[in-house]
Amino acid sequence: MLKIHNKKLVNNARLLRKNMTKEERKLWYDFLRPYPTRFLRQKIIGNYIVDFYCPKANLVIELDGSENYNEKGIMYDEERTEYLNNFGLQVIRVPNNYLKENFKGVCEYIDNLVKQSLSR
């Protein structure tokens, strides 16, 4: 697990865990929480709080709402992804609407990524 922990973000991370979006709750309770490989939610990594993190697979899952698709959001997400990639993490972004429309497919995709990572 990454040891980089920004103590200034602890309260924000707690609030985000208590106030997950509908899509985050669905993915967490219906797939990631019972998943055999442990995932963490609203995990602080350096200067950011990621939606979901699997330490064994070095995988970060970000659920993206409409705010992620304007110019400012795209630039911010690119910066975050590059920062996390520098720690050897793979970052995947899943649009909220895709999660709603194809929940099973998203879960299969995540499952495949975890299995690939663990087999290395």
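Where a number appears in this text, it was derived from the coordinates with a stated rule and is not lab data. Nothing here was measured: the structure is a model prediction, and the numbers come from that model. Glycine also receives a Cβ, built like all others from the backbone with ideal geometry; neighbour counts cover every protein chain displayed.
For the pair K18 and F103, the difference between a 0.36 nm per residue extended length and the Cα-Cα distance amounts to 28.4 nm.
If you add up the charges near Q116, with Lys and Arg at +1 and Asp and Glu at -1, over every other residue whose beta carbon is less than 14 angstrom from its beta carbon, what do you get? For residues surrounding Q116, the net value is +1. A protection proxy built from the mean count of other Cβ atoms within 10 Å ranks the segments 35-44, 109-118, most packed first, as 35-44, 109-118.
Contact order for the stretch 57-120, expressed relative to its length and based on alpha carbon pairs under 8 Å spaced 6+ residues apart, stands at 45 percent. Per the Debye formula on identical point scatterers at the alpha carbon atoms of the stretch 44-102, with no solvent, log10 I(q)/I(0) at q = 0.15 Å⁻¹ is -0.44.
Based on C-alpha pairs under 8 angstrom that are at least 6 apart in sequence, the chain has a relative contact order of 22 percent. Here the extension length gained between N112 and Y35 equals 26.5 nm, from 0.36 nm per residue of separation less the Cα-Cα distance. Across every direction, the projection of the convex hull enclosing the Cα atoms of the chain has a mean area of 7.3 nm².
In the chain, the calculated helix contribution to ellipticity at 222 nm averages -13000 deg cm²/dmol per residue, counting -39,500 (n - 2.57) for every DSSP H run with n ≥ 4. Backbone phi angles across the stretch 6-18, fed through the Karplus curve with coefficients 6.51, -1.76 and 1.60 (θ = phi - 60°), yield HN-Hα couplings of 8, 4, 5, 9, 4, 5, 4, 4, 4, 4, 5, 5, 6 Hz in residue order; Gly and Pro are listed as x. Quick one: of K22/K56; K18/K56; K72/K104; K56/K115; K8/K100; K22/K72, which pairs are farther than 21 Å apart, Cα to Cα? Beyond 21 Å: K22/K56; K18/K56; K72/K104; K8/K100; K22/K72.
For the stretch 83-99, the residues whose backbone nitrogen is under 17 Å from a point 7 Å from the Cα of D77, taken along Cα to Cβ, are 83-85, 90-99.
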